């Protein structure tokens, strides 16, 4: 069990600094997960407020900013949770020399079939569409790079995929091993770019 000094922890987040190493994992990543799972956020001055509204990837996609280079081995790893804290999906993007994605409980590591934009600074937009099945879409710098329909045919080796991916997404968290994600926000069309 990891014991965290929350007073010191919150100060670290507010200063956007890494204060210490806890059991080999950067405190910043642990705290980001804690902050996201508890639904709390801070502004630069350290004022804490409840996140409003909750995440809903069907109506408001998630944007993640990265500046990792292909071949770096960095990865984006974001978990989705419902309001009860049950896993509702998980997306992994791997910056290998040939970039790959993985949809947990559905696919194995797979090369993107579309070319990613060449810019190092990337904004990934992840959304769910359930109008006809369960479809996960990923855009990179406004270019669609994945449009994946989850089904018994596409999640061939995972008979339990629907258990996770059919849950409503209301919370997110980033893995402690996620070295690529620099920033995140809920998508706001016409409100400017994270780059």
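Observations on the model:
- Difference of contour (0.36 nm per residue) and Cα-Cα distance, residue 131 to residue 185: 17.1 nm
- Sequence-distant contacts, meaning Cα pairs under 8 Å at least 6 residues apart, place the relative contact order of the range 53-186 at 37 percent.
- In Å, descending, principal axis extents of the Cα set of the range 93-170: 36, 24, 20
- Taking all Cα pairs closer than 8 Å and separated by 6 or more residues, the relative contact order of the range 119-195 comes to 23 percent.
- If a spin label sat at a point 7 angstrom from the Cα of residue 143 along the line to its beta carbon, the backbone N atoms of the range 115-133 nearer than 14 Å would be those of 115-125.
- The ratio of the alpha-carbon radius of gyration of the range 53-186 to the globular-protein estimate 2.2 N^0.38 Å is 0.98.
- Take each peptide in 112-118, 158-164, count the other Cβ atoms within 10 Å of every residue, and average; sorted highest first, the result is 158-164, 112-118.
Each reported figure results from applying straightforward, stated rules to the coordinates on display, with no laboratory input. No experiment lies behind these values; they were computed from the predicted model shown. Backbone-built Cβ (ideal geometry, glycine too); neighbour counts: all protein chains shown.
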